[in-house]
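Structure first, commentary second.
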Amino acid sequence: MRQILVTGADGQLGRELQRRAWPEGWELVALDRSALDLSDTTAIAAMVASRPWAAVINAAAYTAVDKAESDVVTAWAINALAPAAFGQACAAAGIPLVQVSTDYVFAGDKAGAWEVDDPVAPLGVYGASKLGGELAVRTSGARHAIVRTAWVVSAHGHNFIKTMLRVGAERGHLRVVDDQQGSPTSAADLADALITIACRLADDADDADAPTGIFHFSNAGAVSWAGFAAEIFRQSGLRGGPTATVEPITTADYPTPARRPANSLLSHDAIATAYGIAPRPWQAALGDILDELIGTSA
């Protein structure tokens, strides 16, 4: 069996990576924070050197965007120094590294979808720390794929879908930001993309032309947070779940410690060209998540 090391086992993405059907001959070793302290770079190096991994997927991150503004050291330790340690260790061992990153590396001030080579300009600590991780991996010497994503949701953990269903059931009316747009991303669909990339990098270990660099993955289609909420309640209602009315508001009406990108749309051109990955519409991915949370529609 060829083993792939995955961090963030208890997160949305880590859980989906463990649930997905991996190709025959591959074995996933998923570690949570109790098994590997990502603030300990020595422990990271020892784990990478502990066996001949076929690849490493760093799916762990400090994702508390608002808290990061006052918890700078921890955010940078997990989001930048840990990827740096993985990159250095993977380079030394000849192991390919897949690093998960975020749309928050961009300022969000572009009209269209962000391309992989567009200028980066993070608005806060979270985005800056994730960009630090990207730069560390890119300069580590490890063969790597950096996969930026956005608006990750699933049937488990803490995410927008579950919050909307819970609050909608309690209140029946919600005020949701309508001037930030993006593409929701199913953690399951993202996991499938990472499996494709990690296995290809491992299989192409001796191929200098194997696709490396930065890629974007989200589900297809654009929507605002308010539009996303409205579709959640529409599909939930079809399944007999919570429904609520959604009142669109502006970002200024809902101030937060950290600034959010107004445009989080990610172009899929690079990942389609390199790996043949074509994300499905976010509405379909949402349906699968609600099937798991509520049940199938009548």
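How big is the Kirkwood radius of segment 170-238, worked out from every pair of different alpha carbons and given in Å to one decimal?
15.0 Å is the Kirkwood radius here.
I want to verify the translational diffusion coefficient of segment 1-69 in µm²/s; compute it with Stokes-Einstein, Rh as the Kirkwood radius over Cα pairs, at 37 °C and 0.692 mPa s.
Using the Kirkwood radius from Cα pairs, D works out to 254 µm²/s.
Which cross-chain or sequence-distant (5 or more) residues have an amide H under 5 Å from the amide H of Arg175, H modelled 1.01 Å from N in plane?
When sequence neighbours closer than 5 places are left aside, the close amide H contacts are Glu247.
Report the FRET efficiency, 1/(1 + (r/R0)^6), for Ala43 and His173, where r is their Cβ-Cβ distance and R0 is 41 Å, rounded to 0.05. Each step should come with its number before you reach the end.
Working: r = 48 Å, r/R0 = 1.17.
So the FRET efficiency works out to roughly 0.30.
Equivalent-ellipsoid semi-axes (√(5λ), Cα gyration tensor) for segment 257-298, whole Å, largest first?
26, 21, 7
Quick test of the membrane-span-like rule: which DSSP H helices of the chain reach at least 18 Å along their long axis (C-alpha atoms) with mean Kyte hydropathy at least 0.0?
In the chain, the long hydrophobic H runs are 125-138, 187-203, 225-238.
Take the Cα coordinates of the chain, assign each an equal point scatterer, and use the Debye formula without solvent to give log10 I(q)/I(0) at q = 0.10, 0.11, 0.13 Å⁻¹.
-0.53, -0.64, -0.90
Please tell me the relative contact order of segment 160-298 in percent, rounded to the nearest whole number, where contacts are Cα pairs under 8 Å and at least six residues apart.
This gives 40 percent for segment 160-298.
Calculate the spin-label point distance for Thr196 paired with Glu115, positioning each point 7 Å from the Cα along the beta-carbon direction, and give it in nanometres.
Computed distance between label sites Glu115 and Thr196 equals 2.1 nm.
Just to compare against my own numbers: the Cα pair-distance distribution for segment 52-205, 10 Å bins, whole % per bin, please.
10, 34, 36, 15, 4, 0
Under 20 °C and 1.002 mPa s, how fast does segment 90-158 diffuse according to Stokes-Einstein, given a Kirkwood radius computed over C-alpha pairs? Answer in µm²/s, whole number.
D = 160 µm²/s.
Can you compute log10 of I(q)/I(0) for segment 120-267 with the Debye formula, treating each Cα as one identical point scatterer, at q = 0.08, 0.14, 0.15, 0.20 Å⁻¹?
Debye output, listed in q order: -0.30, -0.80, -0.89, -1.30.
Would you mind computing Rg(Cα) / (2.2 N^0.38 Å) for segment 47-88, counting N as its residues?
Working: Rg = 12.6 Å, N = 42, 2.2 N^0.38 = 9.1 Å.
So segment 47-88 has a normalised radius of gyration of 1.38.
Could you sort the peptides 40-46, 230-236 by per-residue average Cβ neighbour count (10 Å cutoff), highest mean leading?
In descending order of packing, they fall as 230-236, 40-46.
For segment 154-178 and segment 272-298, what is the centre-to-centre distance using only Cα atoms, to the nearest Å?
If we compute the Cα centre of each part, the gap is 18 Å.
Along Cα→Cβ, 7 Å out, is where each label goes; now give me the distance between the ones at Asp71 and Arg33 in nm to one decimal.
The two pseudo-label positions are separated by 0.7 nm.
So for segment 1-128, what are the equivalent ellipsoid semi-axes in whole Å, largest first, each being the square root of 5 times an eigenvalue of the Cα gyration tensor?
Value: 27, 18, 14 Å, ordered largest first.
For Asp10, list long-range residues whose amide hydrogen, built 1.01 Å from N in the peptide plane, is under 5 Å from its own amide hydrogen.
Placed amide hydrogens put Arg33 under 5 Å from Asp10.
Residues with amide H under 5 Å of Trp26's amide H, sequence separation 5 or more or different chain, H placed in the peptide plane at 1.01 Å from N; which?
Hits under the 5 Å cutoff: Arg2.
Quick one: go through segment 146-186 and flag any residue whose amide nitrogen is under 13 Å from the point 7 Å out along the Cα-to-Cβ line of Thr251.
177-182, by backbone N distance to the label point.
Given the alpha-carbon gyration tensor of segment 222-281, what are the semi-axes of its equivalent ellipsoid in whole angstrom, ordered largest first, with each equal to the square root of 5 times an eigenvalue? Display every interim value, and only then the final one.
On the way: eigenvalues 153, 92, 11 Å².
Square roots of five times the eigenvalues give 28, 21, 8 Å.
When the Karplus curve 6.51 cos²θ - 1.76 cosθ + 1.60 is applied with θ = phi - 60°, which whole-Hz ³J(HN,Hα) does each residue of segment 241-254 get, with x for Gly and Pro?
x, x, 10, 7, 8, 10, 9, x, 10, 9, 4, 4, 6, 9
If each Cα of segment 196-298 is one equal point scatterer, what is log10 of I(q)/I(0) from the Debye formula at q = 0.15, 0.16 Å⁻¹?
-0.84, -0.89
A short reminder: the numbers here are calculations on the coordinates, not readings from a lab. Since we're looking at a predicted model, the values are computed, not measured. Virtual Cβ from ideal backbone geometry, glycine too; neighbours counted across all protein chains shown.
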